[in-house]
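Reviewing the structure listed below.
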Amino acid sequence: MRSRQYGPDDLTPPWRRRAPVPELPADPGLVVEEVSTGFCGAVIRCDKTAVTLEDRFGSHRDFPLLPAGFLHEGEVVTLVRPRPRAARAAGPARTASGSLAVPGARARVARAGRIYVEGRHDAELVEKVWGDDLRVEGVVVEYLAGIDDLPAVVRAFGPSPEARLGVLVDHLVPGSKESRIAASIEDPNVLVVGHPFIDIWAAVKPSSVGIPAWPEVPRGQDWKTGVCRALGWPEHTGAAWQRILGRVRGFRDLDPGLLGPVEHLIDHVTVGGPGGPGA
């Protein structure tokens, strides 16, 4: 006879008790596998009832947040909606870039000037850290598919004192192809600056990502894929980038080698022109 003082599991031998399934916040970039279908992908978004995953081919699928519904690194987990960070009582005093926040500020009508970056990841990182500042200043950031055709891009843009152009270049070091292309641009209304990193991923501090250092990738191997292999991550560069970007909270998570160039570009395109401090 079972005593009423004990629950059903209290008299069960420990080796027969079922371990509770851990809960895991569905943070963007988290790579999981849905148990019933085997679909593996990175978390793109999550609401109260469902999560959207993106696989390595860019396909999206929605799955309900069922108990024990996913595998993470081989372990069964229950995905839950990420918990929002506690809001500060007086609101943020500064933006993610470290600038003083402007309470209640509305986005300015876009300037004629632009900032161009090389790729989508560059644009997403700039938006995450400097997005508030850019909207207040009315600066639009667009990304290119590399800078091999930069001279033609500049001519098509038609820069002027009222429409300045700033360009952020990856791996802008002496003697590189990028440095030769940048040197060919002589228009005073165009500013080309760069950072020393082979890819924008490496502009995020390793400590912010939770790794000791960015791996050395052999020459001739795709750098992003090589990083994933060296770190033991799934070879899904889109998911890896979401994982990295999710660790960035503000300018302190970035190497100073990127901070200065981006600030310089914002200053360049906001001087002069409608609404600029030099107008």
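The values are calculated or read from the model by the stated rules, or taken from the named source; none is laboratory data. This is a predicted model, so every value here is computed, not measured. Cβ atoms come from the backbone with ideal geometry, glycine included; neighbour counts cover every protein chain shown. Just the protein is used for accessible areas: all its heavy atoms, side chains included, with ligands, DNA and RNA removed. Shrake-Rupley method; radii C 1.70, N 1.55, O 1.52, S 1.80 Å.
For this structure, a couple of remarks:
- Fraction of accessible area attributable to carbon and sulfur, the range 130-279 (%, probe 1.4 Å): 52
- A 1.4 Å probe run over the range 100-230, with the rest of the protein chains in place, finds 52 Å² accessible per residue.
- Shape class for the range 119-209, computed from the alpha carbon gyration tensor (a ≥ b ≥ c): oblate, with a/c not under 1.5 and a/b at or below b/c.
- Computed with a 1.4 Å probe on the full set of protein chains, the accessible area for His72 sits at about 40 Å².
- Of the residues His195, His268, ranked by 1.4 Å probe accessible area with the largest first, the sequence reads His268, His195.
- Sorted peptide list for 226-233, 113-120, criterion being average Cβ within 10 angstrom, highest first: 113-120, 226-233
- 15 Å beta-carbon shell around Ala183, net charge (K/R +1, D/E -1): -2
- Close amide H pairs (under 5 Å, H built 1.01 Å from N) link Val80 with Leu24, Ala26, residues at least 5 positions away or on another chain.
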